[in-house]
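Notes for the one structure printed next.
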Amino acid sequence: MSGRVIIVGGGLAGLAATIKVAEAGVPVDLFSVVPVKRSHSVCAQGGINAAKNMKGEGDHPDIHVTDTLFGGEYLADQPLVRRMCDEAPNIIDLLDRMGVTFNRTPEGFLDFRRFGGTLHNRTAFAGATTGQQLMYALDEQVRRYEAASLVEKYEYWEFLSAVKDGEGRCRGIAAMNIWDREVKVFRANAVCICTGGPGMVFGKSTNSVINTGAAASRVWQQGVWYANGEFIQVHPTSIPGADKLRLISESVRGEGGRVWVPRNPADKRDPVEIPDSDRDYFLETKYPKYGNLVPRDVATREIFSVCVDENRGINGENMVYLDITPARSGKDGEVLERKLGGVFEIYRKFAGDDPIQRPMRIFPGMHYSMGGLWVSPVDGGGQVRQKTNVPGLFSAGEVEFQYLGANRLGANSLLSCIFGGFTAGPRMVEWIASHPEEADESVYSDELKRQNAENDKVLGMNSGGENAFALHRELGQAMTAQCTVVRRNEGLRQLMDKLGELEERWSDIDVNDASTPVNQSFAFTRALFDMIQLAKAMAKGALLRDECRGAHYKPDFDLEKPEKEQLGDHRMTDAYKGFVRELEAKHGVEYDAKFKEAPAGTAPAAPEFQEYMRNWVEQQKRWSKTTLATWKPNAEPDIEFRDVVMTCEPPKPRIYK
Amino acid sequence: MADKKVHLIVKRQEGPDSAPYWEEFEVPHTPGMNVISALMETRLNPVTRDGKRVRPVTWDSGCLEEVCGACSMLINGRPRQSCSALVDNLEQPIRLEPFSKFPVLRDLMVDRSPMFEALKRIKAWVPVDGTYAMGPAEKIDPAQQQEMYKYSECMTCGCCLEACPQYNDSSAFVGASAIGQAYLFNMNPTGKTLKDDRLDEMMGPGGVVDCGNAQNCVRVCPKGIPLTDAIAAIGGQVTLHAVKRLLRQ
Ligand SMILES: Cc1cc2nc3c(=O)[nH]c(=O)nc-3n(C[C@H](O)[C@H](O)[C@H](O)COP(=O)(O)OP(=O)(O)OC[C@H]3O[C@@H](n4cnc5c(N)ncnc54)[C@H](O)[C@@H]3O)c2cc1C
Ligand code: SF4
Ligand code: SF4
Ligand code: FES
């Protein structure tokens, strides 16, 4: 077969796509800014979901679909979620065949455990390093194709731009060798962007330092839509390091960990010397029933608000104590060690302190972006799944927006990355068969000229007063304060202005390094510009979306809920029934009866609840839409909203009784 | 406490062909900081201890949680990950040097591509038939999974090679990490179909016979991989393999 494919990014998504393309006999050029084996996917600890029902619980891909859609508050295009969940068991089997050292049952079968957002043991895992193990399995298969000369790796090459022809079709890429700054252009009939999440836009996050989001931003600035950018998942408990935020599992709270701050924020005593009377166990006070075990998003918001809104963090910093010491948790040290040893190890290694002796210091950490490059949810009508709105340009993995909706369920992203890659691969093979034409040489030389000019411009930035790394800190602080846990329009408006200001100040950076070998200061400065751009997509989406959904929490627009006693079954309300009929007509489907009819004998809905459901339906009609951002030079992005494909299930409200 | 400082002595090198030199930095101390955050601090204002404005230091890093293998360097003479090296546990001044067994690209960053080449050499993969749904894999006994898991944590950081007296740019020795991987894949039910190829490689020049059994590797591996066990096991496999080959001839 003639034609080449370029894949940018060698995390799980990129490697999965590479394997599929190479398997079809099509040569692949694989680009990654670090050796692919060091991609961020190695960080995933928890596991990967597949409803294999190995524990006799009646688990089924149908239930996996429902959990995923509900968890994502119905913002994911449903046929895709359906396909992903159906395919998940096969993916696990394949990974097992590739040699992933998954944990086993005594008989030697794959073991599964329970994760957030589901009642089933659905998560396969390999010790505490599942992501690393999956990465290595795929990396090894790619190395096999590399040895067979079907894959050529360009490691330490940074993606700069897509090469687009006069008709706007993608014909290849421009990339830079970060060892010597050389820019080259590469031909391809199809390109796939698999460059992972944008954690660095938030300064510090649980992501790797390579996760700048710059590649996504670059193609966004070239006309690809950026979708659902405002949906950013924040993990409630991470260790706030000077360099990054490291994840601490929620199991610590499950085992009796208590969250507190000193009553007097200026209290400088060693925490073990602060008596209970001088401690504010704010979760226990505010939520007497659930205490420290309030749901993840509630815990995140409360901790955030104590530190950011009330300025009551430890030493005025964004930190609270998570106390699992035997004295305060009432648990035996040895038992704790046995159950939480792995978590304690991380804390001991990186915080240099022992959680059994002294309370941990934690803070919510930006963790995952549900939003990303727009790719088509359907095949047909000129569309191809995993393809962006730019012909010839595909995308897969955390960098695209599909599968998870407004919030991601734990252990679903490794799955969506691999599934996305496996979907993109064969589609690119088909695409290049029907698009074999070669582009004109001038298309490439023009792009090369453009990129070299851009590099020269940045290298020449040496008279200003700004430091790129300091400016990046400011960006991170502004984004974390206004665009993570709690969002308010006033703050978001200020944030948009701040981003404009940072963009201006960017031109005043002194790169302070014009040398050739591995010039990180220069490369980072270039990427910082793109980070600021991407931040605008996130902040503008958050500003315009006047509701609460999934990870996007805007208290000023929260629907007022009736009293607990007045809550009922949504299927008993007229508003909901009418809404479902409308959806069925619109999507040309008939949903399963269980989504529409409450079991016989269910109490009728109280008037207050009827009222609530009317408002809720209005909210759905207005906001269960995909946000699409279009980049504008020197301005704020344009935003439009598009309907979500809801062919599997009607949305249902999030009601905790 | 407030003005506690961290004193770094960094071995610098402009590029692959330039001569190394030393520079000293002093940065504010923050509780729990690691070597990487100290380095990050120098970038905010790249001025040496004696007030000279210099180019920011270059180093390699990724995950910052000791799982990607990127950030290896010599810290006070010992090969280790700079992300998990906490400043408070180190003697000051802290001396940072690039690995000596690999070509320096710039400052603290080296080229470890020979390690990835070695993985090709020993066919460190499971030769699956294809990626289509072909049903489940063979069952694996949990004890064997535990044994395999130890080796599957190798993050190609290169600490074991830096510490090894037998590994250097003039020898062909694959080094401890690759031997560990050969052992891992020889254990896998499908991976072992390539066992003969791997053992051929291990028998030849640069194979397991080049190991002088100095055991430095196992002492420095940040993941605690029992490398010397793998070296012994592969040594045994190679002996058997040699006998088999002789008999076949
Ligand atoms: C601490 C942590 C724990 C997690 N745990 C879980 C879990 O238990 N279960 C789960 O399902 N998910 C988990 N996740 C999420 C999951 O790890 C990620 O969503 C997933 O690994 C992303 O994979 P990817 O292939 O899209 O991108 P990545 O693995 O980030 O790969 C991106 C690739 O793109 C390359 N790249 C980036 N920019 C450029 C550029 N400009 N030019 C060239 N190449 C570039 C990189 O080098 C890399 O090869 C976790 C995330 C974190 C942070
Ligand atoms: S045992 Fe010694 S000689 Fe052998 S690999 Fe380890 S360090 Fe090198
Ligand atoms: S064996 Fe250990 S020291 Fe050697 S490369 Fe692997 S993880 Fe690093
Ligand atoms: S940065 Fe990944 S191991 Fe240190």
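The table below lists the values:
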read-out	value
Net lengthening on full extension, A:ARG83/A:ASP510 (0.36 nm per residue, minus Cα-Cα)	148.8 nm
Amide hydrogen neighbours beyond the local backbone of A:LYS153, cut-off 5 Å, H modeled	A:LEU30
Mean projection area, nm², convex hull over Cα of the stretch A:354-476	13.7 nm²
Debye-sum result for the stretch A:161-217 in log10 I(q)/I(0), which assumes one identical scatterer on each alpha carbon, at q = 0.12, 0.17, 0.31 Å⁻¹	-0.38, -0.69, -1.14
The protein assembly as shown, Cα convex hull volume normalised per residue, Å³	172 Å³
Average projection area in nm² (convex hull over Cα atoms of the stretch A:235-366, one quarter of hull surface)	7.3 nm²
Calculated over the stretch B:191-249: convex hull of Cα atoms, volume per residue (Å³)	90 Å³
Quotient of C-alpha Rg and 2.2 N^0.38 Å, computed over the stretch B:113-248	1.06
Kyte-Doolittle at least -1.0, axis length at least 18 Å by Cα - qualifying DSSP helices, chain B	B:227-248
Positive-pole candidate from B:ASN213, B:GLN237, B:ALA85, dipole of chain B, charges at beta carbon	B:GLN237
Convex hull volume of chain B per residue (C-alpha atoms, cubic angstrom)	166 Å³
A:ASP270 versus A:GLU474: modelled label distance in nm, points set 7 Å from Cα along the beta carbon direction	4.0 nm
Test item: Cα-centred dipole of the stretch B:5-110, Lys/Arg +1 and Asp/Glu -1 on Cβ, debye	180 debye
Loop GluC sites (Glu not before Pro), the stretch A:91-165, which have at most 13 other Cβ atoms in a 10 Å radius of their Cβ (DSSP)	A:GLU107
Reach of B:LYS150 by Cα under 17 Å, taken over lysines that are not fewer than 8 positions away in the same chain	B:LYS223
Taking A:GLU345, B:GLU23 and counting other C-beta atoms within 10 Å, the order from fewest to most	A:GLU345, B:GLU23
Rg/Rh for the stretch A:598-657, where both radii come from Cα atoms and Rh is the Kirkwood radius	1.18
Aspartates and glutamates with Cα under 12 Å of B:LYS139, excluding same-chain neighbours fewer than 8 positions away	A:ASP93, A:ASP96, A:GLU107, A:ASP111
Positive-end extreme of charge dipole, the protein assembly as shown - chosen from A:LEU409, A:LEU544, A:PHE231 (charges on Cβ)	A:LEU409
Magnitude of the charge dipole, the stretch B:65-121, Cβ model with Lys/Arg +1 and Asp/Glu -1, debye to 20	320 debye
Estimated Rh, the stretch A:464-544: Kirkwood, alpha-carbon pairs, angstrom	13.2 Å
Net charge, B:ARG245 excluded, C-beta distance under 14 Å - Lys, Arg +1, Asp, Glu -1	0
Hull shadow area, averaged, the stretch A:206-283 [alpha-carbon convex hull, nm²]	8.1 nm²
Chain lengthening between A:ASP558 and A:GLU182 when straightened (0.36 nm per residue, less Cα-Cα)	130.2 nm
Cα extents of the stretch B:1-92 along the three principal axes, largest first (Å)	33, 32, 23
Kirkwood estimate for the stretch A:566-643, i.e. one over the average of 1/r between Cα atoms, Å	14.8 Å
Among the listed pairs A:LYS594/A:LYS652; A:LYS625/A:LYS652; A:LYS37/B:LYS123; B:LYS120/B:LYS192; A:LYS289/A:LYS554; A:LYS586/A:LYS625, those beyond 19 Å (Cα-Cα)	A:LYS289/A:LYS554
Average Cα contact separation per residue, the stretch A:479-604, under 8 Å, 6 or more apart, as relative contact order %	26 percent
Cβ charges +1 (Lys, Arg) and -1 (Asp, Glu), total dipole of the protein assembly as shown, debye	940 debye
Extension reserve of the B:ASN213-B:ASP200 stretch, reckoned as 0.36 nm per residue once the Cα distance is removed	2.7 nm
Formal net charge of residues neighbouring A:LYS596 (Cβ-Cβ distance under 12 Å; K, R +1; D, E -1)	-1
Over chain A, relative contact order from alpha-carbon pairs under 8 Å, at least 6 apart, %	19 percent
Selected from A:SER305, A:GLY168, A:SER32, residue furthest toward positive end of dipole (chain A; charges at beta carbon)	A:SER305
Cβ-derived FRET efficiency at R0 60 Å, A:LYS349 paired with B:GLN249, nearest 0.05	0.70
Rounded Å value of the spacing that divides the Cα centres of the stretch A:153-178 and the stretch B:1-64	33 Å
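Bear in mind that the values in this text are calculations on the coordinates, not laboratory data. These numbers were taken from a predicted model, which means no experiment stands behind them. Heads up, the Cβs are rebuilt from the backbone with ideal geometry, glycines too, and the neighbour counts pull from every protein chain shown.
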